[in-house]
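Structure, as structure tokens:
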Amino acid sequence: MKIKFLMFIVLFGTVNFAQENDKYIENLKLKYAEVLNINCDVDIEIDVEGITIPKKTVNLRFVDNEPIISGNGISLLPKKGVINQFNRLLATPFQAIFLSKRKDNRIYKLVSLDEKSDWITADLEFDEQTLLVSKATINTRKFGTFEVYNTYTNKRYPSKTKITFNIKKFTLPLKFIGRTDKTFSKLKDDEITEGKVYLYYTYID
């Protein structure tokens, strides 16, 4: 009986610890809850072994958080990893668990509490002062795991984003905005390779 009681205390204490309000997570949620009104050109490079895909450029505007895209590369702009990625992710109910600290960066594991969300867990690394996310490892329900790396030259939005993921049967795990580009070649059924997408942003006043 004592053992069961002690186990209950340990379990209850662990859950309580994970559910405590964390000021860094709260500040992060506030930052990425901001309404986006952005106008930028995005140079898109896709690197997949054995496949040649020309570099494309699109114009991306957010008006009250809604994306408006124009340009020949519309089918190649990923829904995941673009500027509004973390706005949407952090708007989902989640459990935050602090993992570690690396210099001025804090690393957390987020666990989605929404069974309908397209992601399960996300490890975020962000600056505790600027709250800018430099790296994210996101596990999705349908497309496995992909990583997002952001580089910043200003205090608000990324200047470069690198997205990496694994491809099987050449099903892109990024749920591209717009139609699927049918010009891509398919890989063999059992072939898995790493894919990379590079996004370079030029912001327009």
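Structure summary
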| read-out | value |
| --- | --- |
| Long-range neighbours under 6 Å by Cβ, at least six apart or interchain, first residue touching a residue at least 60 places away in the same chain (Cβ under 8 Å) and hydroxyl-bearing (Ser, Thr, Tyr) within region 98-116, second buried (at least 16 other Cβ atoms within 10 Å of the Cβ) and part of a strand (DSSP E or B) | 108/96; 108/124 |
| Evaluation of residue 148 against (1) open to solvent by 20 Å² or more (accessible area, probe 1.4 Å); (2) in contact (Cβ under 8 Å) with a residue 12 or more places away in the chain; (3) of a type in the set (Val, Ile, Thr); (4) within 27 Å of residue 40 (Cβ to Cβ) (one fails), failing number | (1) |
| Residue in region 158-167 that is more than 16 Å from residue 194 (Cα to Cα), in contact with a strand residue (DSSP E or B) (Cβ under 9 Å, 6 or more places away or on another chain), open to solvent by 40 Å² or more (accessible area, probe 1.4 Å) and outside any strand (DSSP E or B) present | no |
| Members of region 130-140 that are open to solvent by 30 Å² or more (accessible area, probe 1.4 Å) and either farther than 25 Å from residue 166 by Cβ or among the small types (Gly, Ala, Ser) (or both) | 130, 134 |
| Those residues of region 59-79 which are in a strand (DSSP E or B), surrounded by 18 or more Cβ atoms within 10 Å (Cβ to Cβ) and modelled with pLDDT under 90, in sequence order | 78 |
| Failed criterion for residue 108 (all others in (1) out of contact with any helix residue (DSSP H, G or I) (no Cβ under 9 Å at 6 or more places or on another chain); (2) open to solvent by less than 50 Å² (accessible area, probe 1.4 Å); (3) at pLDDT 90 or above hold) | (1) |
| Test for residue 127: is it modelled with pLDDT under 95, surrounded by 14 or more Cβ atoms within 10 Å (Cβ to Cβ) and of a type in the set (D, E, K, R) | no |
| Failed item, numbered, when residue 97 is tested on (1) open to solvent by less than 30 Å² (accessible area, probe 1.4 Å); (2) touching a helix residue (DSSP H, G or I) at 6+ places or on another chain (Cβ under 8 Å); (3) of a type in the set (A, V, I, L, M) | (1) |
| Qualifying positions in region 163-180 - at pLDDT 80 or above and more than 20 Å from residue 69 (Cβ to Cβ) | 164, 165 |
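Yes or no, residue by residue, for (1) at pLDDT 85 or above; (2) open to solvent by 50 Å² or more (accessible area, probe 1.4 Å); (3) more than 23 Å from residue 201 (Cα to Cα):
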position	(1), (2), (3)
6	no, yes, yes
31	yes, no, no
43	yes, no, no
50	no, yes, yes
81	no, no, no
85	yes, no, no
88	yes, yes, no
92	yes, no, yes
115	yes, yes, yes
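The values are calculated or read from the model by the stated rules, or taken from the named source; none is laboratory data. If you're wondering where the values come from, they're calculated on a predicted model, not measured in any experiment. In this analysis, Cβ positions are derived from the backbone assuming ideal geometry, glycine residues included, and neighbour counts consider all displayed protein chains. Each accessible area value is taken on the protein alone, full model and side chains, heavy atoms only, with ligands, DNA and RNA left out. Shrake-Rupley method; radii C 1.70, N 1.55, O 1.52, S 1.80 Å.
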